[in-house]
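Chemist: One structure is given below, represented as structure tokens, and several questions about it will come after.
Any read-out appearing in this document is the output of simple, stated calculations on the displayed coordinates, not a laboratory observation. From a predicted model like this one, the values you see are computed outputs, not experimental measurements. All Cβ positions, even for glycine, are placed from backbone atoms using ideal geometry, and neighbour counts span all protein chains on display.
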Amino acid sequence: MRDRADDARRLIASLDLTNLNEDCTSADIEALVKRARTPEGDVAAICIWPRFVAEARAILPESIHLATVVNFPAGGEDVEATLAETRQAVTDGADEIDLVIAYRRVAADPAFVEDQVRAVKAAAGSARLKAILETGELVDPDLILSACEAALKGGADFLKTSTGKVPVSATPEAARILLQAIADHGGTVGFKPSGGIKTFEDAKLYRDMAEEVCGAGWAVPDRFRLGASGVLTDLLAVAGGAGRGGETSGY
């Protein structure tokens with residue numbers, strides 16, 4: 001069906017194709033870069049460990065963004081260490097930084113998170129900053145909203161649900177809270193659900209929700225990303241594409 005195929009291609013164009021496996025190797029990064037260029041179009045970005053950024057930069061087409069993670073996955077409180085990690089990643093060639101906020105501080109001290117995001121945003125320079133809120137650990141809707149507000153006040157360019165390293169990752173309930181916060185903030189900040197997105201239907205659910213809350217046509221790659229690795233096989237199948245080989249497991 002043509003509409004499904006078109007939807008799948010749009011979702012591929014919004015995908016942050018990810019490998020954050022503990023045992024990731026240089027060969028895995030090379031394979032990820034190759035897989036990012038699909039018969040149905042390039043993905044939006046690859047998302048990898050900081051230690052691989054320099055080598056990925058050397059082989060990644062300029063049309064595909066290079067994202068990496070900092071303060072990942074624990075979401076610690078050592079801001080200086082995170083700033084150093086961020087500066088090195090940008091020097092190595094990252095143009096998107098996915099920061100795990102100090103989510104355990106949200107309940108008692110959301111100002112700490114706001115300041116943390118602001119400092120990392122400054123260190124990132126022109127690189128886009130995605131704030132990972134770890135919504136599956138925050139659980140409570142009021143805490144998730146507080147994390148959203150702290151990250152937005154700190155200047156995050158995207159709100160992202162999850163690391164994919166805890167039992168609960170992206171959920172529609174948490175996604176709606178993030179999207180409503182984004183809409184209330186003017187709709188200029190992006191949204192990235194991540195973790196547990198395995199099928200075309202999973203991915204389309206989040207895309208459709210983003211357009212329901214933020215407006216028709218809002219969910220373009222500059223504002224909407226999917227953090228996943230395994231979903232690409234299903235998206236290619238729906239789009240009618242080839243290259244349906246083995247996936248790199250990530251989150």
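Chemist: Taking Cα centroids, how far is segment 1-57 from segment 187-202 in Å?
Modeler: Taking the Cα centre of segment 187-202 as reference, the centre of segment 1-57 is 14 Å away.
Chemist: Could you run the Debye sum over the Cα atoms of segment 47-195, one equal point scatterer each and no solvent, and tell me log10 of I(q)/I(0) at q = 0.09, 0.18, 0.19 Å⁻¹, two decimals?
Modeler: -0.24, -0.97, -1.08
Chemist: Based on the alpha carbon coordinates of segment 78-152, what radius of gyration and maximum Cα-Cα distance (Dmax) apply, in Å?
Modeler: Computed over the Cα atoms of segment 78-152, radius of gyration and Dmax are 12.3, 37 Å.
Chemist: If contacts are Cα pairs under 8 angstrom and at least 6 residues apart, what is the relative contact order of segment 2-239 in percent?
Modeler: 20 percent
Chemist: For the chain, compute Rh as the Kirkwood radius over C-alpha pairs and then the Stokes-Einstein diffusion coefficient at 20 °C and 1.002 mPa s; write the answer in µm²/s, rounded to an integer.
Modeler: The estimated diffusion coefficient comes to 121 µm²/s.
Chemist: For a quick check: sort Val113, Val139, Val238 by the number of other beta carbons within 10 angstrom, fewest at the front.
Modeler: Val139, Val238, Val113
Chemist: Next question. Could you give the dipole magnitude of the chain about its Cα centre, charging the beta-carbon of Lys and Arg +1 and that of Asp and Glu -1, in debye to the nearest 20?
Modeler: Dipole magnitude for the chain comes out near 500 debye.
Chemist: I've got another one for you. Pick from Leu152, Leu205, Leu138 the residue whose mean-square fluctuation is largest in a GNM of the chain, springs joining Cα atoms under 10 Å.
Modeler: Taking springs between Cα atoms under 10 Å, the residue moving most is Leu205.
Chemist: While we're looking at this one, here's another question. Fewest Cβ neighbours within 10 Å first, please rank Ile48, Ile59 accordingly.
Modeler: Ile59, Ile48
Chemist: Oh, and also: Rg(Cα) of segment 176-220 divided by 2.2 N^0.38 Å?
Modeler: 1.11
Chemist: With both partners inside the chain, how many of the DSSP beta bridges are antiparallel, as a percent to the nearest 5?
Modeler: 5 percent
Chemist: Taking other Cβ within 10 Å of each residue's Cβ, how do Thr91, Thr233, Thr171 sort, fewest first?
Modeler: Least crowded to most crowded, the residues run Thr91, Thr171, Thr233.
Chemist: Over the Cα atoms of segment 126-251, what radius of gyration and what Dmax do you get, in Å?
Modeler: 14.4, 44
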